[in-house]
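Student: Quick one: structure below, then a few questions.
What follows is calculated from the coordinates using simple rules that are stated; it is not laboratory data. Keep in mind that this is a model prediction, so the values were computed, not measured. Note: ideal-geometry Cβ built from the backbone for every residue, glycine included; neighbour counts use all protein chains shown.
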Amino acid sequence: MEFYDQAAYRQTDDEQYEPLLAEKDETTTEVESSLPDELTRDELELPSLAEPELARHYVRLSQQNYGVDSGPYPLGSCTMKYNPRFTEDVAALDAASVHPDRSAESVQGTLKLQHDLQDYLGRIGGMDAVTLQPPAGAAGEFAGILLADAYHEANGEGHRDEVVIPDAAHGTNFASAALGGYDVVEIPSGDDGRVDLDALDAALGENTAALMLTNPNTLGLFERDIERIADMVHDAGGLLYYDGANLNALLGRARPGDMGFDIMHFNVHKTFATPHGGGGPGAGPVGVTEDLADFLPEPHVRETESGKYERYTPEQSVGKVHGFAGNWLVLIKAFAYIDRLGDDGLSDASAKAVLNANYLAEQVEYDVPLGPFHHEFVASAGEQDAADVAKRMLDYGVHPPTTKWPELVDEALMTEPTEVETKENLDDLADAFNAVAADDAATLESAPNRTTARRIDQTSAARNPRLSWHDLD
Ligand SMILES: *Cc1c(COP(=O)(O)O)cnc(C)c1O
């Protein structure tokens, strides 16, 4: 890997630069070890610093960071909601970290929890069976495609080689279908931002394996014709896949299974709190209707007649899509969240998420072309560049929305405040939006000016990432 010019990553103001520990001290540490010589090194390049220096280094770094714990984080589609601390406490219990190879007999509590989470998710999604294994939403999509594939194959319909996806869908939908070996048939959205039924009708046929859809869609709009869409897909012999990234809008109020979906993934790190992205790993359990349950990944967990819990391999299982039970500690947090909130708490969370999005949409002076919205809305930055708007919002101390997607709206500002924000926070967010709307071009192009890091060279950062301090040598 080529070295990259450090300046692109540094702030222009040197004083704000926090050196790496290796830059503060270049001591080489002699290593003494009782391990055999051939297994050890004589020297280790480890910086040697006193504890206060170390503590301050990390505190300074944390102060330069921005997260859900710092303030509003309205990144549309990502559902960046506050992560309640009690879920962390539960995941940190010794009993949570049992070795996944232990016998079923000795980990009945863990298996019960897995079983109960499968059950909770099934009830929330209106699905008959759920696997916890996929480690993210995108991985859930891929697992779902494998399930659809196995299902068609088992029914002698293996010739079905097309997956239909609306243009407003998340990029992972297209990638998952392609990775599963399918041809992607992209359909345009209608003028109202929803699935165009004529375009759908034209795309469906004897080669259709599935339609992938999220509802409400990525514009925050409910697909009102969902039952009609389900009938059309099923009449063509295809399956209906639900991208669960927007489930926070429906939680406890409507269920994908009742709308006619056959397969769905849950982004537990979006819908049921738990940090994600830079904050931590996620999990993407997949739910299916009875007809597809036999194909689920193994191991699956079930309760036996004697009330014990056991792992087993479903009869026509597609195999493993991840190790053991998936990202287990993330799943524990999701379980704790669901269990603590209960039915009323979950539906209350989604009601407030929808209310907050609609309240904010009303306060924002940017053009908001579509609606009515659910948990997120998409404004247009109009003449301004949405990426500049995002950089400038940082100067006002808030995290920007998702930008330039979906492409249906020019210079899109896709905004999802989630249920966790107070009215005061929403008003502050609106003030930030509206202040930026009034900013001149020069100000926007030079932003951010008040953050620790100035605007970085994003192309270089993506193409020549420096992933190790060794690259500094
Ligand atoms: C986040 C997201 C995904 C992908 O989920 P990951 O958990 O990030 O892999 C898929 N679809 C939509 C609409 C999303 O917002």
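Student: Pull up the DSSP beta bridges for the chain and report the antiparallel fraction as a percent, rounded to 5. Could the numbers behind the result be given before it?
Tutor: Working: 21 of 36 bridges.
The antiparallel proportion sits near 60 percent.
Student: Given contacts defined as C-alpha pairs under 8 Å and at least six residues apart, what's the relative contact order of the chain, whole-number percent?
Tutor: Numbers: 906 pairs, mean separation 94.0, N = 473.
Normalised by residue count, the contact order of the chain is 20 percent.
Student: Compute the length gained on full extension between THR29 and TYR66: take 0.36 nm times their separation in residues and subtract their Cα-Cα distance, giving the result in nm to one decimal.
Tutor: Values: separation 37, 0.36 × 37 = 13.32 nm, distance 3.41 nm.
Length difference between fully extended and current span is 9.9 nm.
Student: Expressed in nm², what is the orientationally averaged projection area of the convex hull enclosing the Cα positions of the range 85-340? Show your work: numbers first, answer last.
Tutor: Working: hull surface 54.0 nm².
Orientation-averaged projected area of the Cα hull: 13.5 nm².
Student: Hey, got the dipole for the chain? About the Cα centre, +1 on K and R Cβ, -1 on D and E Cβ, debye to the nearest 20? Walk me through the intermediate numbers first.
Tutor: Values: 33 positive and 86 negative charges, 218 e Å.
Around 1040 debye, computed over the chain.
Student: Using a Förster distance of 25 angstrom, determine the FRET efficiency expected from the C-beta separation of SER106 and ASP339, and round it to 0.05. It would help to have the intermediate numbers written out before the result.
Tutor: On the way: r = 24 Å, r/R0 = 0.94.
E(calc), rounded to 0.05, equals 0.60.
Student: Between ASP116 and GLU407, what's the calculated FRET efficiency when r is the beta-carbon distance and R0 is 41 Å? Round to 0.05. Let's see the in-between values first.
Tutor: Working: r = 41 Å, r/R0 = 1.00.
Once rounded, the FRET efficiency stands at 0.50.
Student: For the range 212-312, which GluC sites (Glu not before Pro) are in a loop by DSSP, counting at most 16 other Cβ atoms within 10 Å? Spell out each step's value before the answer.
Tutor: Working: sites: GLU223, GLU227, GLU290, GLU303, GLU305, GLU310; in loops: GLU223, GLU305.
The qualifying sites are GLU305.
Student: Among 185-196, 347-358, 233-244, 57-68, what's the highest-first ranking by average C-beta atoms within 10 angstrom per residue? Walk me through the intermediate numbers first.
Tutor: Working: 185-196: 17.8, 347-358: 19.6, 233-244: 22.9, 57-68: 13.3.
Per-residue mean Cβ counts within 10 Å order the peptides as 233-244, 347-358, 185-196, 57-68.
Student: Okay, next question. Sticking with the crude label model, points 7 Å out along Cα→Cβ, report the distance from GLU206 to ASP89 in nm, one decimal please.
Tutor: 6.2
Student: A follow-up question, please. I'd like to know which of ALA461, GLY397, ALA442 lies farthest towards the positive end of the charge dipole of the range 394-473, counting +1 on Cβ of Lys and Arg and -1 on Cβ of Asp and Glu.
Tutor: My answer, from the dipole projection, is ALA461.
Student: Apply 1/(1 + (r/R0)^6) to the Cβ-Cβ distance of GLU298 and ARG41, taking R0 = 45 Å, and write down the FRET efficiency to the nearest 0.05.
Tutor: The calculated FRET efficiency here is 0.65.
Student: Filter the chain for me: DSSP H helices, axial length by Cα at least 24 angstrom, mean Kyte-Doolittle hydropathy not below -0.5. List them by residue number.
Tutor: Working: long enough: 108-125 (25 Å, -0.70); 137-154 (25 Å, 0.53); 328-363 (40 Å, 0.26).
Both cut-offs are met by 137-154, 328-363.
Student: With equal scatterers on the alpha carbons only and no solvent term, can you work out the Debye log10 of I(q)/I(0) for the chain at 0.05, 0.06, 0.09, 0.11 1/Å?
Tutor: -0.22, -0.31, -0.70, -1.01
Student: Once each part is reduced to its C-alpha centroid, what is the distance from the range 416-473 to the range 61-136 in angstrom?
Tutor: One Cα centre to the other: 29 Å.
Student: Testing the spin-label approximation: label points 7 Å from Cα along Cα→Cβ at ASP427 and HIS234. State their distance in nm.
Tutor: That separation, rounded to one decimal, is 4.9 nm.
Student: Among the listed pairs LYS352/LYS423; LYS352/LYS404; LYS81/LYS320; LYS112/LYS308, give every one whose C-alpha distance is greater than 20 Å.
Tutor: On the way: LYS352/LYS423 11 Å; LYS352/LYS404 26 Å; LYS81/LYS320 30 Å; LYS112/LYS308 8 Å.
Listed pairs above 20 Å: LYS352/LYS404; LYS81/LYS320.
Student: Want the number for ASN434 to TYR312: 0.36 nm per residue separation, take away the alpha-carbon distance, what's left?
Tutor: Computed gain between ASN434 and TYR312 is 38.3 nm.
Student: In addition: Just to be sure I understand the model, the point goes 7 Å from the Cα along the line to the Cβ. What's the resulting ASP191 to ALA154 distance in nm?
Tutor: My value for the distance between the label points is 4.5 nm.
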